[in-house]
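Notes to accompany the following structure.
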Amino acid sequence: QVCSINSRFAKVHILYVGSTPLKSTFRGTIRKEDIRATEKDKVEVYKSFRPSDIVLAKVISLGDAQSNYLLSTAENELGVVVARSEAGVQMVPISWCEMQCPRTHTKEFRKVARVQPQFLQT
């Protein structure tokens, strides 16, 4: 779950490993260059994630003392899986880079995960 973002990275709390819930939260960082596999120089963190988004990511490194785990969403299957709109409604993905609020029909940019069927448990 994304807890804060800035122009260089997103800070996250790791809540699950696979389908196993963790007893305590672990912190991770998704760096700007690890968000997408292509056009890494054009990635903007605030157009990929927002605080409180639920993200499917892969651990790529243990990182250092400050950042804990380094995570990546640089695959089509990885990215935002659950996002809430300004109206507080769960948004629906409409493309690989946009989600839409079903109530207000506002579109917001996200790095949307193309979720595999085995991960679609709510």
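The values are calculated or read from the model by the stated rules, or taken from the named source; none is laboratory data. Computed from a predicted model, the values in this text were never measured in an experiment. Glycine also receives a Cβ, built like all others from the backbone with ideal geometry; neighbour counts cover every protein chain displayed. With ligands, DNA and RNA removed, areas are computed over all heavy atoms of the protein, side chains included. Shrake-Rupley method; radii C 1.70, N 1.55, O 1.52, S 1.80 Å.
Can you confirm whether the stretch 42-50 contains a residue that is without any contact (Cβ under 8 Å) to a residue 40 or more places away in the chain and farther than 17 Å from F109 by Cα?
No.
Pick out, from the stretch 1-90, the strands (runs of 3 or more DSSP E) lying fully within it that include 2 or more residues that are under 25 Å from C101 (Cα atoms).
2-5, 9-17, 54-56, 79-82
Contact list please: Cβ distance under 8 Å, first residue in the stretch 5-22 and basic (K, R), second residue open to solvent by 60 Å² or more (accessible area, probe 1.4 Å) and outside any strand (DSSP E or B), pairs at least six apart or on different chains.
From residues that are basic (K, R), the pairs are R8/K32.
All but one of (1) of a type outside the set (V, I, T); (2) at pLDDT 90 or above; (3) in a loop (DSSP other than H, G, I, E, B) hold for R114; state the number of the condition that does not hold.
Every condition holds for R114 apart from (2).
Of these, A74, A65, A87, which one is among the aliphatic types (A, V, I, L, M), modelled with pLDDT under 95, open to solvent by 40 Å² or more (accessible area, probe 1.4 Å) and more than 13 Å from T29 (Cα to Cα)? Walk me through how you get there before you give the answer.
Values: A74 fails: open to solvent by 40 Å² or more (accessible area, probe 1.4 Å); A65 fails: more than 13 Å from T29 (Cα to Cα).
Exactly one residue qualifies, and that residue is A87.
In the stretch 38-50, what residues are under 14 Å from the mean Cα position of the chain (by Cα) and loosely packed, with under 13 Cβ neighbours inside 10 Å? Write out each step before concluding.
Just the residues of the stretch 38-50 that are under 14 Å from the mean Cα position of the chain (by Cα), to begin with: 43-50.
Within the stretch 38-50, E44, Y46 qualify.
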